[in-house]
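Chemist: The structure's right below; bear with me while I get my questions together.
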Amino acid sequence: MNVTKYIRNSIVYFVIVTVLIILLFPREGTFRYAFTEGKPWQYGLLTAPFDFPVYKSPEQLKAEQDSVLKQFIPYFQFHQEMYVQQQERFNAACVHYPQEHWNAAYKSYVDKTLKEIYALGMVSSQDYQFLQSNAYDAFKVLQKNNKTVLQATRDVFTIKSAYSYLLDNCPSYLSINVLRSVDLNDFLHDNLQYDENLSEKVKQEDLQRVAVPHGMVQAGEKIVDQGEIVTGPVYNILLSLKQIQEEEGGGVQRQTGFLAGIILLIGGLLTCLLLYLVYFRKKIYANQKDVVFLFSMAALFILLTEASARTGFFSVYIIPYAIIPIVIRTFFESRTAQITHLITILICSLMAPFALEFILIQFFASTVALYVLKDLTKRSELIRCAIFILGTYIIGYTGIQLFLEGELTKINWNMFIYFGINFLFVMFTYAFIYIVEKIFGYISNVTLVELSDINLPALMQLSEKTPGTFQHSLQVSMLGTAAAAKIGANPQLVRTGALYHDLGKMENPAFFTENETGGTNPHEQLTLEQSARMITNHVPAGVKAAQKFGIPPAIIKFILTHHGAGKAKYFYHSFKNQHPGETVNEEAFTYSGFNPDTKETAILMMADSVEAASRSLKDYREETIRELVNRIIDGQINDGLLNDAPLTFRNITAIKNVFVEKLLSVYHSRIAYPELVKV
């Protein structure tokens, strides 16, 4: 895919992200002001945009609703037919009772008492428990003529109490045992039933009558001006305006204008980020993956803020915005991290309460994060950074509140809880970086440090199968790391790349000079073309081995570029010397990689060649080492192997000087230790 297509796709993704954020932006019925009763109004003059009613305050409304609920009386349905049914059943049952004990006196007593019980009414044990638990002293009985009668709860029967009433009021001339023997509870059934639907309907009607506005504000009427204290009445008016706008959206015209404002602001801010990449980070802009990553980071935290604004389920100060500069700084440089964070925060401030306070606190936190955490390589560094961020939040918020209020008593202490939760989320940055690496194929210093562990399987096998190559790799990493630090490249990336760059030599270790043990040279049995292929093949073999061990693409790139598209010159020159005038198959002597296009890969190419060539020196004076370094690197420049590398002449001169200095320290002369003379 060419660069033009990458750029076109990057713009398409920019448009998609912009449209997504605008569509999800909480605009329907959004009140654009944050206010607190008893505190100064922080915005300009606010007048009524339209006529609207003033509703009662939440406290007043709740008090009146509680009063209504206390006075509310539930409704019960009265079933007159229940007594008739049970009386008929009782009369039919009397015929079967033993006549020697049961007589007309018993029947007369039971008839009279049942009529009395059903007249007062019976409720189920469940309904009676409902009346008791809600402390209802009375309830309304709805009769067939739709008239209601107030019934005292203490006078109503349950089946259990009705049966006890039958026995307890038995006349002395009758036997209680006879009454017990005829199962009178079979003729007891509740004839009062709770009418939940009617009761709830009446309750809601009573509550709705409470929520009546008690005043009107006319369009254009002043509500509050900047610096004025939001008193109780003003607070109540603001709440009413907020409620109406959230319910109705303030009208079609206002919503249309609001949507246009969202498009201009969000589109403009995201365009600023895109223009920054176009003019100041052309390499990032030309890489579709990098553009997707940066805009995805911004979109993720903007969407989290939108979720907070829409639902109100969590505070925006819980969202760990400081992760943005930390993660971006891990893969890019500080300026891109801070610009991306700033654009994100400006967009989020459109949804956050007290926007200026929000912007200042988040800006302080990001600046401290970038200053404290220059390289994320150890857990302790992240913990230290998170502590500094937490301290910045606390100090920044306290400073703003003292500036606005002038006293600590006005501070919202819940904010410190939010900052604590934010601190915990920042601690998960390690996991978030790991996810980003897997999705976008980046590599962080954390991963580089892990990959530099020589106890990993790949490096363990390299040291066992090719001990000479392993030592060569260690020397190359030493040279490359020092050179990278000198010119401002990534030393850890060069170090790790150097350890793995010759991984392919494990396939045929004996064909490489550093691994020879003094036996027969295997190249003597091969033609020059075959020998060249054995040497150049360690590049694709290294790629294959690295993929097998799960080495990231960023390190595999060092394997592909450490010889570039150069030639195996020993065999190439030998062939040309032995076959003068003959056409040479260039491909047989050429490495299958590509030329380095970053400072780090270019440094490794130079360090690899210089270290290998330095082993053939017999004289390790500064003059001979410098001549070797100049000859090797100038030869690579003349061959065009460094044409794509972003190195200046000053960089190359500095790299040469570092190589000379380091090789002198490696090969410096040592004093001869005297032997112990035996007496």
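The values are calculated or read from the model by the stated rules, or taken from the named source; none is laboratory data. What you are looking at is a predicted structure, and each value in this text was computed from that prediction instead of being measured. Neighbour counts are summed over all protein chains in view; Cβ atoms, including those assigned to glycine, are modelled from backbone coordinates with ideal geometry.
Chemist: Can you tell me which of Y321, Y371 is free of Cβ contacts under 8 Å to residues at least 24 places away in the same chain, assigned by TED's automatic domain parsing to the domain that holds V291, under 30 Å from A489 (Cα atoms) and out of contact with any strand residue (DSSP E or B) (no Cβ under 6 Å at 6 or more places or on another chain)?
Modeler: The unique qualifying residue is Y371.
Chemist: As an exercise: evaluate L69 against (1) over 30 Å from A152 (Cα atoms); (2) in a helix (DSSP H, G or I) and give the number of the one condition it does not meet.
Modeler: (1)
Chemist: Restricting to segment 331-352, what's the tally of residues that are closer than 24 Å to G420 by Cβ and either crowded, with 22+ Cβ neighbours inside 10 Å or not hydroxyl-bearing (S, T, Y) (or both)?
Modeler: Count: 6.
Chemist: Also, quick follow-up: Given the conditions (1) in a helix (DSSP H, G or I); (2) closer than 17 Å to A34 by Cβ, and given that K283 satisfies all but one, which numbered condition is not satisfied?
Modeler: (2)
Chemist: Among the residues of segment 160-178, how many are in contact with a Leu (Cβ under 7 Å, 6 or more places away or on another chain) and closer than 15 Å to Y118 by Cβ?
Modeler: Adding up the residues that qualify gives 3.
Chemist: Take segment 347-378 and flag every residue that is part of a helix (DSSP H, G or I) and of a type in the set (A, V, I, L, M).
Modeler: I347, A355, L356, I359, L360, I361, A365, V368, A369, L370, V372, listed by residue number.
Chemist: Go through L174, L198 for me and flag whichever is surrounded by 15 or more Cβ atoms within 10 Å (Cβ to Cβ), of a type in the set (A, V, I, L, M) and not in a helix (DSSP H, G or I).
Modeler: On inspection, the qualifying residue turns out to be L174.
Chemist: If you don't mind, there's one more thing I want to ask. Check every one of the helices (runs of 4 or more DSSP H) wholly within segment 408-501 and list those with 3 or more residues that are in contact (Cβ under 8 Å) with a residue 60 or more places away in the chain and in contact with a helix residue (DSSP H, G or I) (Cβ under 9 Å, 6 or more places away or on another chain).
Modeler: Because the criterion is at least 3 residues that are in contact (Cβ under 8 Å) with a residue 60 or more places away in the chain and in contact with a helix residue (DSSP H, G or I) (Cβ under 9 Å, 6 or more places away or on another chain), the helices (runs of 4 or more DSSP H) in segment 408-501 that meet it are 414-426, 429-440, 445-451, 467-487, 491-500.
Chemist: Is it fair to say S308 is polar (S, T, N, Q), closer than 18 Å to Y13 by Cβ, assigned to a helix (DSSP H, G or I) and under 19 Å from the mean Cα position of the chain (by Cα)?
Modeler: On the way: polar (S, T, N, Q): yes; closer than 18 Å to Y13 by Cβ: no; assigned to a helix (DSSP H, G or I): yes; under 19 Å from the mean Cα position of the chain (by Cα): yes.
The answer is no for S308.
Chemist: From the list L376, L390, pick out the single residue that is at pLDDT below 85 and surrounded by 18 or more Cβ atoms within 10 Å (Cβ to Cβ). Full working, then the answer.
Modeler: On the way: L390 fails: at pLDDT below 85.
Testing whether each residue is at pLDDT below 85 and surrounded by 18 or more Cβ atoms within 10 Å (Cβ to Cβ) leaves just L376.
Chemist: Next question, about the same structure. Run Y570 past the list (1) under 20 Å from A612 (Cα atoms); (2) touching a Phe, Trp or Tyr at 6+ places or on another chain (Cβ under 7 Å); (3) part of a helix (DSSP H, G or I) and report the number of the one that doesn't hold.
Modeler: Condition not satisfied by Y570: (2).
Chemist: Could I ask something else about it? Among all residue pairs at least 6 apart or on different chains, which show Cβ distances below 7 Å where the first residue, located in segment 573-595, is closer than 27 Å to L560 by Cα and without any contact (Cβ under 8 Å) to a residue 40 or more places away in the chain and the second is of a type in the set (V, I, T) and not in a helix (DSSP H, G or I)?
Modeler: Short answer, once both residue conditions are applied: K576/V584.
Chemist: Here is a further query. Here is a check on your reading of the model: is R154 without any contact (Cβ under 8 Å) to a residue 24 or more places away in the chain, surrounded by 13 or more Cβ atoms within 10 Å (Cβ to Cβ) and over 20 Å from L69 (Cβ atoms)?
Modeler: Taking the combined requirement at face value, the residue does not satisfy it.
Results for (1) closer than 30 Å to V178 by Cβ; (2) surrounded by 15 or more Cβ atoms within 10 Å (Cβ to Cβ); (3) within 33 Å of the chain's Cα centre (by Cα); (4) of a type in the set (D, E, K, R), shown as yes or no for each residue.
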| residue | (1), (2), (3), (4) |
| --- | --- |
| F25 | no, yes, yes, no |
| P58 | no, no, no, no |
| Q71 | no, no, no, no |
| F78 | no, yes, no, no |
| R89 | yes, no, no, yes |
| H96 | yes, no, no, no |
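Chemist: Please specify each residue of segment 470-488 satisfying the condition of being farther than 17 Å from V666 by Cβ and crowded, with 23+ Cβ neighbours inside 10 Å.
Modeler: Of everything in segment 470-488, just one residue is farther than 17 Å from V666 by Cβ and crowded, with 23+ Cβ neighbours inside 10 Å, namely A484.
Chemist: So which residues in segment 123-146 are assigned to a strand (DSSP E or B) and farther than 17 Å from E81 by Cβ?
Modeler: Residues satisfying the conditions are A138, F139, K140.
Chemist: Related question: With closer than 30 Å to N490 by Cα, surrounded by 15 or more Cβ atoms within 10 Å (Cβ to Cβ) and of a type in the set (D, E) as the only criterion, which of E381, E306, E357 stands out?
Modeler: Among E381, E306, E357, only E381 is closer than 30 Å to N490 by Cα, surrounded by 15 or more Cβ atoms within 10 Å (Cβ to Cβ) and of a type in the set (D, E).
Chemist: Checking the conditions here, which among I302, I326 is within 15 Å of T18 (Cα to Cα) and in contact with a Cys (Cβ under 8 Å, 6 or more places away or on another chain)?
Modeler: I302
Chemist: Just need a number here: residues in segment 509-522 that are in a loop (DSSP other than H, G, I, E, B) and buried (at least 17 other Cβ atoms within 10 Å of the Cβ).
Modeler: 1
Chemist: Given the condition over 15 Å from R209 (Cβ atoms) and of a type in the set (K, R), answer yes or no: does some residue in segment 49-57 qualify?
Modeler: No, segment 49-57 has no match at all.
Chemist: Mind checking which residues of segment 569-625 are farther than 21 Å from A483 by Cα, modelled with pLDDT of 80 or more and small (G, A, S)?
Modeler: Of everything in segment 569-625, those that are farther than 21 Å from A483 by Cα, modelled with pLDDT of 80 or more and small (G, A, S) turn out to be S574, A588, S592, G593, S616.
Chemist: Tell me yes or no: at least one residue of segment 129-137 is modelled with pLDDT of 85 or more, within 25 Å of Y75 (Cα to Cα) and surrounded by 15 or more Cβ atoms within 10 Å (Cβ to Cβ).
Modeler: Within segment 129-137, one or more residues are modelled with pLDDT of 85 or more, within 25 Å of Y75 (Cα to Cα) and surrounded by 15 or more Cβ atoms within 10 Å (Cβ to Cβ).
Chemist: For residues that are modelled with pLDDT under 90, polar (S, T, N, Q) and not in a strand (DSSP E or B), tally how many sit in segment 147-156.
Modeler: 0
Chemist: Could you grab me the full set of residues in segment 596-627 that are in contact with a Leu (Cβ under 7 Å, 6 or more places away or on another chain), in contact (Cβ under 8 Å) with a residue 24 or more places away in the chain, more than 27 Å from E529 (Cα to Cα) and surrounded by fewer than 21 Cβ atoms within 10 Å (Cβ to Cβ)?
Modeler: E622
Chemist: Right, here's the next one. Would you mention how many residues in segment 157-171 are part of a helix (DSSP H, G or I) and loosely packed, with under 15 Cβ neighbours inside 10 Å?
Modeler: Step one: of segment 157-171, the residues part of a helix (DSSP H, G or I) are 159-168.
Subset that is loosely packed, with under 15 Cβ neighbours inside 10 Å: 160, 164, 167-168.
Total satisfying the criteria: 4.
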